[in-house]
Amino acid sequence: MAQTRSYATKKKGKTEVQPFWNMSDIKNVVEWFEKNEEWDGYLITLLELLLGRRIGDTVMMKWSDLYYENGNRKSEIDTVEEQKTGKITNLPVSNMVWEAVDNYLSHVKINPMEHYDEYIFYYQPKTDWIHRGEFWHYKVFTLDFWCEKLDKDFSEKRKEKIVSDYKKQNKYETLGDYLYWEVEYNDIVKWQTDDYRKKLKKAIEYAGIQYRVSSHSLRKSFGYWIHKTHPFDPDCLLSLQKLLNHSDLQTTMNYIGLTEEKNRQLINDHGEFIHNVLAGKGDEIVKNMPVISLKSDDFGKIIRMLTDDVDKYQRAINMANELRVI
């Protein structure tokens, strides 16, 4: 496929990315991971699309997030704490999640029960970090000693910020524990997600995607395509707001691309209108514009007032869907 500039590597500062607008783009990105036998990347990509977590939370998932100790599969995940917010969201697990997990396991030949409390996605620096936690006595570490042990060439300003952040929190009693569970943990997450982003960039180039996307687009696509497949469900956005842990509906609409999509549609419709005005057809367009907007549930109530015939009711609903002006 054609090579094109893409934006899969996270850059410093705020960069707005879009959801994967096209189903074929999703298919081609996943296909790249399969063809190249990048099975960790394959499962990370699908878990992002299916669960809508941030990339840093996904790469740090454990098998215990998906399975019970007796080997039974969970129907809901309630153990993934968001690194950014500290919140835990209950996430129903769809059949497609398990389809992706089964495909992954068939290729990597792993028995999750033999690695129950371990991280799903192997990464050597993460393994080294785990081993340090088992054998090093972090509780007695000073910041300078820690920097020397890990060969960290931090500036005095960076050191001051670490100490300041440690003093502001009340989760960890010792500086050593804070260094291990916050500073080192965050570094491991960043390194592993950067490694994934490099592979995703190749998948995006393979797919020939020319709009701005990144790993965060997968989380946005989770919301966009749920709404796209439930356009008449009045509670869909409320559910997405909760699943994405947003403070209000407008934030959710902006985040998953609905606002951008609506703006694009309005501008395109307006352009078509001006085109028809210049062609002398403006009055015709205005006369045929929709005059009312109703929630599908409210429209259904009106139809039920007019008829108790189930077949007529369903035909009316189907006709309304077919004639619906988006």
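The values are calculated or read from the model by the stated rules, or taken from the named source; none is laboratory data. What you are looking at is a predicted structure, and each value in this text was computed from that prediction instead of being measured. Note that we place each Cβ from the backbone using ideal geometry, even for glycine, and neighbour counts take in every protein chain shown. To get the accessible areas, we keep the full protein, side chains included, count just its heavy atoms, and leave off ligands, DNA and RNA. Shrake-Rupley method; radii C 1.70, N 1.55, O 1.52, S 1.80 Å.
Among the residues of region 144-170, which ones are of a type in the set (A, V, I, L, M, F, W, C) and open to solvent by 80 Å² or more (accessible area, probe 1.4 Å)?
The answer is F145, and nothing else.
Restricting attention to region 232-244, report how many residues are surrounded by fewer than 13 Cβ atoms within 10 Å (Cβ to Cβ), part of a loop (DSSP other than H, G, I, E, B) and touching a residue at least 24 places away in the same chain (Cβ under 8 Å).
Of the residues in that region, 1 qualify.
Looking at the structure I just gave you, is D194 surrounded by fewer than 17 Cβ atoms within 10 Å (Cβ to Cβ) and in a helix (DSSP H, G or I)? I'd like the intermediate steps shown before the answer.
On the way: surrounded by fewer than 17 Cβ atoms within 10 Å (Cβ to Cβ): yes; in a helix (DSSP H, G or I): yes.
Spelling it out, D194 is indeed surrounded by fewer than 17 Cβ atoms within 10 Å (Cβ to Cβ) and in a helix (DSSP H, G or I).
Applying the selection to region 245-259, what residues are touching a residue at least 60 places away in the same chain (Cβ under 8 Å) and in contact with a Leu (Cβ under 9 Å, 6 or more places away or on another chain)?
Within region 245-259, just I256 meets the criteria.
Quick grid of which residues meet (1) of a type in the set (S, T, Y); (2) touching a His at 6+ places or on another chain (Cβ under 6 Å); (3) modelled with pLDDT of 85 or more:
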position: I204; (1), (2), (3): no, no, yes
position: R212; (1), (2), (3): no, no, yes
position: S215; (1), (2), (3): yes, no, yes
position: G223; (1), (2), (3): no, no, yes
position: G257; (1), (2), (3): no, no, yes
position: G282; (1), (2), (3): no, no, no
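In region 126-143, how many residues are more than 15 Å from L179 (Cβ to Cβ) and open to solvent by less than 20 Å² (accessible area, probe 1.4 Å)?
1
Return the pairs, sorted by first residue and then second, in which the second residue is exposed (fewer than 12 other Cβ atoms within 10 Å of the Cβ) and not charged (D, E, K, R), the first residue lies in region 296-323 and is within 18 Å of P234 (Cα to Cα) and at pLDDT below 70, the beta carbons are less than 6 Å apart, and the residues are 6+ apart or on different chains.
D297/P234
Given the conditions (1) assigned to a helix (DSSP H, G or I); (2) surrounded by fewer than 17 Cβ atoms within 10 Å (Cβ to Cβ); (3) not polar (S, T, N, Q), which single one is not true for R212?
(1)
Could you tell me which numbered condition E173 fails, if it satisfies all but one of (1) open to solvent by less than 90 Å² (accessible area, probe 1.4 Å); (2) out of contact with any Leu (no Cβ under 8 Å at 6 or more places or on another chain); (3) assigned to a loop (DSSP other than H, G, I, E, B)?
Against the list (1) open to solvent by less than 90 Å² (accessible area, probe 1.4 Å); (2) out of contact with any Leu (no Cβ under 8 Å at 6 or more places or on another chain); (3) assigned to a loop (DSSP other than H, G, I, E, B), E173 comes up short only on (1).
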